[in-house]
Amino acid sequence: MNGDSFLSAEALVSHSPGGRIDRILWFHRTDRWYFGDFLRHSAWLAWARESFPAAVIDLASHAAYLPLFADDRFGRHFDSRQGAPAGPYDLVIEPGSFEPEPADGLRLVSWDSGWALRHDGQVLLEGRKQELNYFRAAHPGSVTGHRSVTPTRIRFTPAELDHANSLIERAFPGQAPVVVYNPSASNAFTRETGARKEVDNSLTPHEHATVLRQTLKLMPDHRFIVGASVKIGDRQNESLITTLARTYPSNRVRPVTSLGGGLTLRGFAGLLAASRVRGMLGTGTGTNTHLAALLGLRALSVERGHDEEMQANWSGPGFQMGSFRWRNPSVQTEIHTMNRSRRGETNLLAVAGIFALGEMAAEPLPVFDKQWDCDPAAAVRSAAALLRSMPPQAAAHYGDFTDEAAYLGSKADGLQAVVTALESPDPQIARMLFEDSNLFKLITRPGRSM
């Protein structure tokens, strides 16, 4: 089967030895604290629940992350680091970054560049993927052809939400809106490696303090919680959160640790779902952008911009770096790239400025909606016209296509590089790049709020 073919739930049933699918195992292999990887593959859970409403669905992944889906939609939880559960299962859904080895039973395996339906190791159906974005590559739609599959939302009990709201009220009595400043980042402990591409995507405490100070100044009616769900033993992020919160002895800032008791990952997610929490700002990490996206919360993530090391990575095999490869497709998430050699105060203050601009209204672009499918280059030109009506800081943010131009190998500046590529005989890469850009999200999300 070629890469243009897709798989249906009916096809899965027809290939099941028993002619039915009553027991399913979602088996996500992981050997490290890859939270973003867990979240991108979790979309399969909603697909499985929707496609097989009567089936029992057991989950196997990193034991620290499974409590996010501890509700009556799913069955037992297993730690996949200890191997695959015994079963028996009518179907094993096995998503991951790389193609897994053949195994027993009926297995739907999905990886970044392809998928296959196998029975006892024999390939029954297969297809290729050509997604640039790793989140889109992990989505069930890359296998089934249906992009409308909803994310696997976290279900909180009324008691959990009441508790989260009470924590906010105790920290900041009243009705002031709350922002979570999340300075956490991957490090040698959480990644279990010192490889620069894994751990070199963070700001220094001083740089975080600069961003937070300016955000406080620009959003005087908001209150701020500094924190994240920190893994046990992660002293680097624990120290960073405490140090940053102490930098501002203000009644407008509280460290998450001051809310009482250690918050679990599910507890932190519940805090983000509290009614007064309006958004999250921080560096690129699973508990910022990707967890916020799952909760429908606005988030801005500071990411490493294009440089020579990243250019070299793009030229080689394997996982590619670059913010656009890992941008969450949710329209509520945005990224702000900064070159490591140009992280001066002006660029740091711009991060706060962009986040504070987030509630400004943007004019609708009906012409873009009409043109994007039939003439994407013309649609992007229409979007570019919107930039000229924005405040300079917003225009610089939404019009920044430096990484995209570099990836395309274009000598044209930024957005013009995308337009030129869209007018070429092979526009697909440029189309994918633009669909995950801040500008595309701005002009297509409901209400078009900046």
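The values are calculated or read from the model by the stated rules, or taken from the named source; none is laboratory data. All figures in this text were calculated on a predicted structure; none of them were measured in a lab. Quick reminder, even Gly has a Cβ in these numbers, built from the backbone with ideal geometry, and neighbours come from all protein chains shown. Surface accessibility is based on the protein's heavy atoms, side chains included, excluding ligands, DNA and RNA. Shrake-Rupley method; radii C 1.70, N 1.55, O 1.52, S 1.80 Å.
Here are the numbers:
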{"quantity": "Cubic angstrom per residue, convex hull over Cα atoms of the range 74-144", "calculated": "107 Å³"}
{"quantity": "Relative contact order (percent, whole number), the range 1-70, Cα cutoff 8 Å, 6+ residue spacing", "calculated": "38 percent"}
{"quantity": "Per-pair calculated FRET efficiency, R0 = 45 Å: Leu161 and Thr346 via Cβ, rounded to 0.05", "calculated": "0.65"}
{"quantity": "Viscosity 1.306 mPa s, temperature 10 °C, Stokes-Einstein D of the range 198-352 from Kirkwood C-alpha radius, µm²/s", "calculated": "96 µm²/s"}
{"quantity": "Förster radius 22 Å - calculated FRET efficiency between Asp426 and Val367 (Cβ-Cβ, nearest 0.05)", "calculated": "0.30"}
{"quantity": "Cα-derived Rg over Rh, computed across the range 1-70 with Rh taken as Kirkwood radius", "calculated": "1.02"}
{"quantity": "For the range 294-450, alpha-carbon Rg relative to the globular expectation (2.2 N^0.38 Å, N residues)", "calculated": "1.01"}
{"quantity": "Per residue value of the accessible surface for the chain (all protein chains in place, 1.4 Å probe), Å²", "calculated": "43 Å²"}
{"quantity": "Label zone at Leu357, where the point sits 7 Å out along the Cα-to-Cβ direction: the range 300-318 residues whose backbone N lies under 15 Å", "calculated": "300-301"}
{"quantity": "Thr346 accessible area, assembled protein chains, probe 1.4 Å, Å²", "calculated": "110 Å²"}
{"quantity": "Two-site FRET efficiency, Asp221 against Leu387, from Cβ-Cβ distance with R₀ of 30 Å, rounded to 0.05", "calculated": "0.60"}
{"quantity": "Kirkwood hydrodynamic radius of the range 270-336, Cα pairs, Å", "calculated": "12.9 Å"}
{"quantity": "Accessible surface of Arg49 - all protein chains present, 1.4 Å probe, nearest 10 Å²", "calculated": "50 Å²"}
{"quantity": "Theoretical ellipticity at 222 nm over the chain - DSSP helices of four or more residues, -39500 (n - 2.57) apiece, nearest 500", "calculated": "-10000 deg cm²/dmol"}
{"quantity": "Apportionment of accessible area to carbon and sulfur, the chain, percent (1.4 Å)", "calculated": "51 percent"}
{"quantity": "Centroid-to-centroid separation of the range 96-130 and the range 11-57 [C-alpha atoms, Å]", "calculated": "13 Å"}
{"quantity": "Gain on full stretching of the segment that runs from Asn251 to Asp72 - 0.36 nm per residue minus C-alpha separation", "calculated": "60.4 nm"}
{"quantity": "Net charge contributed by nearby residues that have their C-beta within less than 14 Å of Glu169 (K/R +1, D/E -1)", "calculated": "+3"}
{"quantity": "Projected area averaged over orientations for the chain, convex hull of C-alpha atoms, nm²", "calculated": "21.5 nm²"}
